Amino acid sequence: QVQLVESGGGLVQAGGSLRLSCAASGRYAVGWFRQAPGKEREFVAAISWRSGNTYYADSVKGRFTISRDNAKNTVNLQMNSLKPEDTAVYYCAGRAYTATTVLREYDYWGQGTQVTVSS
């Protein structure tokens, strides 16, 4: 079965950086979503398997970069210029089709990794 495992979360000061990784065993498009306390889970970024096309939420454009290493079966999310409002549990999700920004269209989910940005 498909396994998705997030890593790289932690505590960082505002303006700092973190790099999250999603280890995925299969050939899937991967999306990153996040959920803050009291909020709905929201789209952050996604990358296609075949084309490498990337997609970003407006709130993170210019600050976050999604990339993949096919040899390592990992997808990374480089997060720069972090803000307190970026604090959330970050999840990676996979689907066997092209990347999408729609949460319900993903088939497989990791358990999440906590990102906390202090002011």
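Solvent-free Debye calculation, one equal scatterer per alpha-carbon of the range 13-58: log10 I(q)/I(0) at 0.19, 0.23, 0.25 Å⁻¹ equals -0.79, -1.01, -1.08. For the chain, a Gaussian network of Cα nodes joined below 10 Å ranks GLN78, GLN13, GLN35 by mean-square fluctuation, and the top entry is GLN13. The string of couplings for the range 67-73 from the Karplus curve (6.51, -1.76, 1.60, θ = phi - 60°) is 8, 9, 10, 4, 5, 9, 6 Hz, one whole number per residue in order, with x for Gly and Pro.
Count neighbours as other Cβ atoms within 10 Å of each site's Cβ, and list the trypsin sites (Lys or Arg not before Pro) in the range 47-95 that are DSSP loop with at most 15 such neighbours.
Values: sites: ARG50, LYS61, ARG63, ARG68, LYS72, ARG95; in loops: ARG50, LYS61, ARG63, LYS72.
Here the trypsin sites (Lys or Arg not before Pro) that fit, given the DSSP loop and packing criteria, are ARG50, LYS61, ARG63, LYS72.
Loop-resident GluC sites (Glu not before Pro) (DSSP state other than H, G, I, E or B) in the range 1-108 with no more than 14 further Cβ atoms inside 10 Å of their Cβ: GLU40. Computed from backbone phi with θ = phi - 60° and the Karplus coefficients 6.51, -1.76 and 1.60, the 3J(HN,Hα) list for the range 86-103 is 7, 4, 4, 8, 9, 10, 9, 9, x, 8, 8, 9, 5, 5, 9, 8, 8, 4 Hz; x is used for glycine and proline.
When the Debye formula is applied to the Cα atoms of the chain, each taken as the same point scatterer, what base-10 log of I(q)/I(0) results at q = 0.22 Å⁻¹? The computed values of log10 I(q)/I(0) come out as -1.26. For the range 51-93, the relative contact order comes to 28 percent (Cα pairs under 8 Å, sequence separation of at least 6). In the full protein context, the chain carries 53 Å² of accessible surface per residue, based on a 1.4 Å probe and ignoring ligands, DNA and RNA.
Using Cα pairs closer than 8 Å and at least 6 residues apart in sequence, work out the relative contact order for the chain, in percent.
Values: 302 pairs, mean separation 43.9, N = 119.
The value is 37 percent.
The label-point distance for THR65 and TYR97, in a model that sets each label 7 Å from Cα toward Cβ, rounds to 3.0 nm.
Give me the percent of the accessible area of the chain that comes from carbon and sulfur atoms, probe 1.4 Å, all protein chains in place. That share works out to 45 percent.
For the range 71-119, what is the relative contact order in percent, using Cα pairs closer than 8 Å and at least 6 residues apart in sequence? Don't jump to the answer; show the numbers that get you there.
Working: 48 pairs, mean separation 23.2, N = 49.
It comes to 47 percent, rounded to a whole number.
The values are calculated or read from the model by the stated rules, or taken from the named source; none is laboratory data. Every value quoted in this text rests on a predicted model; they were computed, and no experiment measured them. Every residue, glycine among them, receives a Cβ derived from its backbone with ideal geometry; neighbour counts consider all protein chains shown. Only protein heavy atoms, including side chains, enter the accessible area calculation; ligands, DNA and RNA are left aside. Shrake-Rupley method; radii C 1.70, N 1.55, O 1.52, S 1.80 Å.
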